[in-house]
1. Could you grab me the full set of residues in the stretch 139-185 that are over 22 Å from the mean Cα position of the chain (by Cα) and of a type in the set (G, A, S)?
2. Is it the case, given these coordinates, that V193 is in a loop (DSSP other than H, G, I, E, B) and open to solvent by less than 60 Å² (accessible area, probe 1.4 Å)?
3. What are the residues in the stretch 146-175 that are closer than 24 Å to R186 by Cβ and among the hydrophobic types (A, V, I, L, M, F, W, C), if any?
4. In the stretch 187-217, how many are aliphatic (A, V, I, L, M) and under 17 Å from the mean Cα position of the chain (by Cα)?
5. Being aromatic (F, W, Y) and crowded, with 18+ Cβ neighbours inside 10 Å is the filter here, so list the residues in the stretch 196-223 that pass it.
6. Do any residues in the stretch 8-30 that are closer than 12 Å to V48 by Cβ and open to solvent by 30 Å² or more (accessible area, probe 1.4 Å) have Cβ atoms under 6 Å from those of residues that are assigned to a loop (DSSP other than H, G, I, E, B) and not aliphatic (A, V, I, L, M), where the two are at least six apart or on different chains, and which pairs are they?
7. Being assigned to a strand (DSSP E or B) and either modelled with pLDDT of 95 or more or open to solvent by less than 80 Å² (accessible area, probe 1.4 Å) (or both) is the requirement here; does G115 meet it?
Amino acid sequence: MKTLEINGVTLAYEEYGSGNRYLISSQNFFFRDCHMALLGREPYHYHVFLIYTRGYGASTHIFDPTPRDYTTIWGKDVAAFAEAMGINSFYYTGISHGNWAGWYLALNRPELLRGFACGNGIAQFRDPDARTPVPPRPELDLDRVVGNREALEKMAWMENWPTESSERLRRRAQNHEEHLQILLNRKKEEFTVRNTNMSCCDAKTREEFYETMAKIDVPVLFLHGMLDPLAKIEDVIRLSQAIPGSQIKAYQNLGHGGGDECPEIFARDCDRFFRDTEGRVL
């Protein structure tokens, strides 16, 4: 684990590979064999940086629990990280919440993005007047939950879609235990970071949201499990219809955690897409 100081904030990160074909991802945790890390190894050889978002892990923690537009905060952190590292352009990919920074960059710093592969998580319009933090969840009794294995066992990563694949079942058990250990090591303040901007823009209406998304001018790929109950496939299709030149790779037998359950597949499809972005025609 390495750290970088940017504008008074510490960002912790992991680095894989070398060279100038850069890939960045930013999330509050990473599985050790996530598809982003795999892209930094053979046979792909990207130069990968996995940034732990502000508020989590060894990055600067946030002690004020007030819900905020963390999409913008985390997106600006990624842009500042790239600039501090002398990275002029890079590919971006994430899983679920890890896509929020990617959407910020696509809308506000497109010159930095060579391509964006959005895995199991999309920008979704939310009425800004509702002021409801997302994702929604019951208020936690943190004094009971923090460090409590029994309570955190129920919050740890889990997929329950039917499968007879021994490899998928093995990965499910591995991911559950790995995420449980991450949760057991979290401090109280790490459970109180709440994002208010799931729309990833300032759109006031659904129509304005899609008009804003239609202005995106970077290559976008949706990697999506069709069993995903959080980012539904019909919403993925509608968003893809708005973004010029975007593509969808849908997996019928995967859910919201599909990219974490089958990272080898996601890494392969990211690489194919990123290679195809060179000289693309809209």
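1. Once the filter is applied, which keeps residues that are over 22 Å from the mean Cα position of the chain (by Cα) and of a type in the set (G, A, S), the stretch 139-185 yields G147, A151, S165, S166.
2. On the way: in a loop (DSSP other than H, G, I, E, B): yes; open to solvent by less than 60 Å² (accessible area, probe 1.4 Å): yes.
Here the answer is yes, as V193 does meet what is asked.
3. Looking only at the stretch 146-175, we keep the residues that are closer than 24 Å to R186 by Cβ, and these are 146-160, 171-175.
Residues satisfying the conditions are V146, A151, L152, M155, A156, W157, M158, A173.
4. Let us first name the residues in the stretch 187-217 that are aliphatic (A, V, I, L, M), namely 193, 198, 203, 213-214, 216.
Next, only the ones that are under 17 Å from the mean Cα position of the chain (by Cα) stay: 193, 198.
Counting residues in the stretch 187-217 that are aliphatic (A, V, I, L, M) and under 17 Å from the mean Cα position of the chain (by Cα) gives 2.
5. Pass one, the stretch 196-223, residues aromatic (F, W, Y): 209-210, 222.
The answer is F209, F222.
6. Y16/G40; G17/G40; G17/H45; G17/Y46; R21/Y46
7. Values: assigned to a strand (DSSP E or B): yes; either modelled with pLDDT of 95 or more or open to solvent by less than 80 Å² (accessible area, probe 1.4 Å) (or both): yes.
Yes, satisfied.
Table: residues versus (1) of a type in the set (S, T, Y); (2) within 18 Å of T10 (Cβ to Cβ).
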residue: I24; (1), (2): no, yes
residue: Q27; (1), (2): no, yes
residue: V48; (1), (2): no, no
residue: T72; (1), (2): yes, no
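The values are calculated or read from the model by the stated rules, or taken from the named source; none is laboratory data. Predicted model only: the values in this text are computed from it and were never measured. For neighbour counting, all protein chains shown are included, and Cβ atoms are generated from backbone atoms with ideal geometry for every residue, glycine included. Surface areas here come from the heavy atoms of the whole protein model, side chains and all, with no ligands, DNA or RNA. Shrake-Rupley method; radii C 1.70, N 1.55, O 1.52, S 1.80 Å.
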